[in-house]
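Every number here is computed from the coordinates shown, using simple stated rules; none is lab data. Worth saying up front: this structure is predicted, and the values here are computed from it rather than measured. For neighbour counting, all protein chains shown are included, and Cβ atoms are generated from backbone atoms with ideal geometry for every residue, glycine included.
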């Protein structure tokens, strides 16, 4: 759908910090038909589809495996960062102004999952989602779903079901929880970003041909994959 505004405490933007920009660019361009722009002075490249902003690729800043970052829109980033700290999260990058675009902060939640906060200025976020090749949702890969639920309800007003298998966000989207791939001791918690597909079987095969590997089948027909640079992503069935 086309988007003009993101409600508070919902996903507004996604970006990938990758150690191999050229490989990542080639992969997502070939898989989803993205147009990846030229890098800015920090190496950050905006991605569009059908002329609409959908994501960005940038140089990896964290050690370890690269990952897609989930950015949550908030109206008062300083107050939200303080609330996160009081509830047990770590603030890795304190609220920082990004020119006229907005203010950003980077956090690690109490179960170890990175999450970024965004207070928009001129950049409100993605302009298209839930279409093939665009953002379809997030899910939390963790062995500590109850602890995560206890954090996100007061932190972002995300409600969890009694089994802690999913969150309901303020825009009524659903974020599932699931086990991380591999051994629990070897994989930190992570927010998994999924992309919509109207031909998931063909897209999985195409992703394999482009150098990705399939990690597992999800519980709702989605597929978790690892791109050629090592970043996890999901493919979710798009219903026309």
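Gain on full extension, evaluated as 0.36 nm per residue between residue 198 and residue 147 minus their Cα-Cα distance, stands at 14.9 nm.
Largest first and in whole Å, the equivalent-ellipsoid semi-axes of region 110-240 read 24, 19, 14, each the square root of five times a Cα gyration tensor eigenvalue. By DSSP, the beta bridges lying fully in region 135-237 are antiparallel in about 75 percent of cases. Report note on the peptides 156-163, 47-54: ranked by the mean count of other C-beta atoms within 10 Å, highest first, their order is 47-54, 156-163. Extension gain for residue 61-residue 96 works out to 11.0 nm (0.36 nm per residue, less the C-alpha to C-alpha distance). As a calculated quantity, the FRET efficiency between residue 75 and residue 50 at R0 = 30 Å, using C-beta atoms, amounts to about 0.55. Between residue 30 and residue 179, the FRET efficiency from the beta-carbon distance, with R0 = 45 Å, is close to 0.90. For Rg and Dmax of the Cα atoms in Å, the value calculated from this model appears in [x] 19.7, 61; [y] 16.6, 53; [z] 16.7, 47 under label [z].
Length gained on full extension, residue 4 to residue 20: 2.6 nm, using 0.36 nm per residue less the C-alpha separation. If r is the Cβ-Cβ distance from residue 86 to residue 217 and R0 is 41 Å, what FRET efficiency results, to the nearest 0.05? Using R0 = 41 Å, I get an efficiency of 0.60.
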